[in-house]
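Here the structure is laid out as structure tokens; the discussion comes afterwards.
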Amino acid sequence: MVVNSLEQLLERTVGGLGYQLADFEYINSGRMLRVFIEKQHEVLPGVISGGTTLDDCASVSRQLQRVLEVEGIDYDRLEVSSPGLDRRLKSAADFARFAGCDARVRLRRPVNGRRNFVGKVGAVDGDRVGFDFDGGHLDFDLADLERARLVPKP
């Protein structure tokens, strides 16, 4: 199955239950499906949701098991959880939501000899993200992003 259509199926199913799909991973040759959810009313700018409970995850898991079986999607293991404090940032919407928050970014290609940066997420303009770090300011395209995660505050 194409990952894009799987993502759409997960978004519809999770959304119908009052949650938002934060992220998902289809890993180990499709043997494991890991789904990260958060309550829709908790998706606010700069707010890391902390209200996703074990019951929420169990409810979404039960529904996904039914839907995935009906859709004929093959997997051995399904995990549903919250994205956590060190959540991944992938889309322009993720970066815009967490503007001003601390993050760790790794780019596909070096910029001034560096690929890894730790700093604050800046303004987002389309698919271009501003990022302030100790050594200055960087603007990068999402296409150049290898991975990014929030850095939780102690």
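Overview of values
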{"item": "Per residue, the convex hull volume that the Cα atoms of the chain enclose (Å³)", "result": "126"}
{"item": "Distance (nanometres) between label positions extended 7 Å along Cα→Cβ at Gln40 and Gln8", "result": "1.9"}
{"item": "Label-reachable residues, region 127-154, where backbone N falls under 11 Å from a point 7 Å from Arg106's Cα toward its Cβ", "result": "146-149"}
{"item": "Relative contact order for the chain, counting Cα pairs under 8 Å that sit 6 or more residues apart, in percent", "result": "19"}
{"item": "Probe 1.4 Å, accessible area per residue of the chain, Å²", "result": "57"}
{"item": "Region 12-154 - charge dipole about Cα centre, Lys and Arg +1 at Cβ, Asp and Glu -1, debye rounded to 20", "result": "320"}
{"item": "Expected 222 nm ellipticity per residue - DSSP helices of 4 or more, -39500 (n - 2.57), all of the chain, to 500", "result": "-8000 deg cm²/dmol"}
{"item": "Using a Förster distance of 41 Å, the FRET efficiency for Asp55-Asp127 (Cβ separation, nearest 0.05)", "result": "0.65"}
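The values are calculated or read from the model by the stated rules, or taken from the named source; none is laboratory data. Just so it is clear, the structure is predicted and the values come from calculations on it, not from any experiment. Neighbour counts run over all protein chains shown; Cβ positions are idealised from the backbone, glycine included. Ligands, DNA and RNA are excluded from the accessible area calculation, which covers all protein heavy atoms including side chains. Shrake-Rupley method; radii C 1.70, N 1.55, O 1.52, S 1.80 Å.
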